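Okay, structure first, notes after.
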Amino acid sequence: MGSEILVTGGAGYIGSHTVVKLAEAGFRPVVVDDYSNSSPKAVEILQELTDTEIPAYPIDMTDAEALGEVFAAHDFEAVIHFAGFKAVGESVEQPLSYYQNNLVSTLNLLQLMEQHNCFKLVFSSSATVYGIPSEIPLTESADLGAINPYGQTKLMIEHICRDTAASNESWQISLLRYFNPVGAHPSGRIGEDPKGIPNNLVPFVMQVAVGRREKVSVFGGDWDTGDGTGVRDYIHVQDLAAGHLAALNHLQSGCEAYNLGTGQGSSVLEVVAAASKAVGQDLAYEIVDRRPGDIATSLADPSKATAQLDWKTELTLDDMMRDSWAWQSANPEGYSSSDS
Ligand code: UFG
């Protein structure tokens, strides 16, 4: 039997796709999730997709005692830590809840890992730690700096991990800096299911496609890019999930950061065009004012991950849109679609 891996936030968007990859690779994933931005339904579907029993604990990780009971009940080889609040705008309105939730849960986790002699950690970081990019494409040595409380929590956790790894050479930590994850599992059974009005482009576009929203608002047509709309490095969630497995398999003593992106940029209009092609219908859009806090271009240099983790992306923007559409069209209301 494979070793047990704790997946915090395992019912969430990236966590759920990673759980499938772990199970397929013979690991035994154990999920902790408070379902504040996810659904227990995802875990049911994960069990069906992987044909395995996946223990899932509905706990809030800021509750150290509850998390301690999970550690006591299992023998974790490693932890993949996804759980955390992630909405940029909300973090500006509720900074204390972001600092409390994201930092306290991580501190509890690291302390429990130490107590239980589990020293292998893969952490969900974000390209947001580069703030306003000092170089394009971004290498891991680019300047760091956060421009909102959400980004600050990611940056602070990276520092906490680095200091922790320096304190004891048993620690093996990878910080994975994601660019823009989109797409879904090719089965169309798990995918991104944001609560309320989506902040991110692709979930919004897909809700336009199923008729939940009228048209896409394109935030600015006067950026310094090829067509004037924002350019991002979109990565298929399946490639991203595979990156976690690669990071887990290549952990080594210390703390290392890796960019997970494709190295290819797509503009907002290119995404809308690719989505229209996948959906088979021209999706309506309108160019509106820029969104505060946005940048023109964000692009990864993923060569460190390719060289050290033996990983690279395989899927294209068309694949991402095809799979996002398979999920959204089968589940127009997300995980609540099949409730009756
Ligand atoms: N956009 C629109 N209309 C929308 C939503 C987005 O035009 O309705 C544009 C944005 O202006 C940007 C692009 O689409 O040019 C992508 O926007 P997203 O909100 O999907 O993604 P961001 O790059 O802004 O944000 C992502 C993550 C954040 C992270 C940030 C920086 O969602 O968590 O990258 O790394 F903080």
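Data table
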{"item": "Tally of residues being surrounded by 20 or more Cβ atoms within 10 Å (Cβ to Cβ), within 24 Å of SER167 (Cα to Cα) and of a type in the set (A, V, I, L, M) across the range 236-265", "result": "3"}
{"item": "Subset of the range 120-138 [of a type in the set (Val, Ile, Thr) and within 15 Å of the ligand (Cβ to nearest atom)]", "result": "THR128, VAL129, ILE132, ILE136"}
{"item": "Selection from the range 168-183 of residues that are in a loop (DSSP other than H, G, I, E, B), open to solvent by less than 60 Å² (accessible area, probe 1.4 Å) and more than 10 Å from the ligand (Cβ to nearest atom)", "result": "ASN168, SER170, TRP171, GLY183"}
{"item": "Residues (part of a loop (DSSP other than H, G, I, E, B), on the phi < 0 side of the Ramachandran plot and open to solvent by less than 70 Å² (accessible area, probe 1.4 Å)) located in the range 275-315", "result": "LEU283, ALA284, ASP294, ILE295, ALA296, SER298, LEU299, ASP301, PRO302, TRP311, THR313, LEU315"}
{"item": "Test: residue in the range 56-64 that is within 15 Å of the ligand (Cβ to nearest atom), touching a residue at least 40 places away in the same chain (Cβ under 8 Å) and buried (at least 18 other Cβ atoms within 10 Å of the Cβ)", "result": "no"}
{"item": "PHE219 being free of Cβ contacts under 8 Å to residues at least 24 places away in the same chain and either away from the ligand (no atom under 12 Å from the Cβ) or open to solvent by 30 Å² or more (accessible area, probe 1.4 Å) (or both)", "result": "no"}
{"item": "Residue that is in a helix (DSSP H, G or I), modelled with pLDDT of 95 or more, away from the ligand (no atom under 14 Å from the Cβ) and under 19 Å from GLU256 (Cα atoms), where the choices are LEU110, LEU103, LEU155, LEU96", "result": "LEU110"}
{"item": "Any pair with Cβ under 6 angstrom, 6 or more apart, that starts in the range 1-17 at a residue that is under 8 Å from ILE80 (Cβ atoms) and ends at one that is surrounded by 24 or more Cβ atoms within 10 Å (Cβ to Cβ) and aromatic (Phe, Trp, Tyr)", "result": "THR8/PHE82; GLY15/PHE82"}
{"item": "Residues (within 20 Å of the chain's Cα centre (by Cα) and acidic (Asp, Glu)) located in the range 45-60", "result": "ASP60"}
{"item": "Residue count, the range 113-148 (criterion: part of a loop (DSSP other than H, G, I, E, B) and not small (Gly, Ala, Ser))", "result": "15"}
{"item": "Matching residues, the range 222-235, being within 10 Å of the ligand (Cβ to nearest atom) and either open to solvent by 10 Å² or more (accessible area, probe 1.4 Å) or in contact (Cβ under 8 Å) with a residue 60 or more places away in the chain (or both)", "result": "TRP223, THR225, GLY230, VAL231, ARG232, ASP233, TYR234"}
{"item": "For VAL19: the one exception among (1) surrounded by 18 or more Cβ atoms within 10 Å (Cβ to Cβ); (2) within 16 Å of the ligand (Cβ to nearest atom)", "result": "(2)"}
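Per-residue answers, yes or no, for (1) at pLDDT 95 or above; (2) within 14 Å of the ligand (Cβ to nearest atom); (3) hydrophobic (A, V, I, L, M, F, W, C):
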position	(1), (2), (3)
ALA166	yes, no, yes
HIS185	yes, no, no
VAL237	yes, yes, yes
ALA273	yes, yes, yes
SER276	yes, no, no
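The values are calculated or read from the model by the stated rules, or taken from the named source; none is laboratory data. If you're wondering where the values come from, they're calculated on a predicted model, not measured in any experiment. We place every Cβ from the backbone using ideal geometry, glycine too, and count neighbours over all the protein chains shown. Each accessible area value is taken on the protein alone, full model and side chains, heavy atoms only, with ligands, DNA and RNA left out. Shrake-Rupley method; radii C 1.70, N 1.55, O 1.52, S 1.80 Å.
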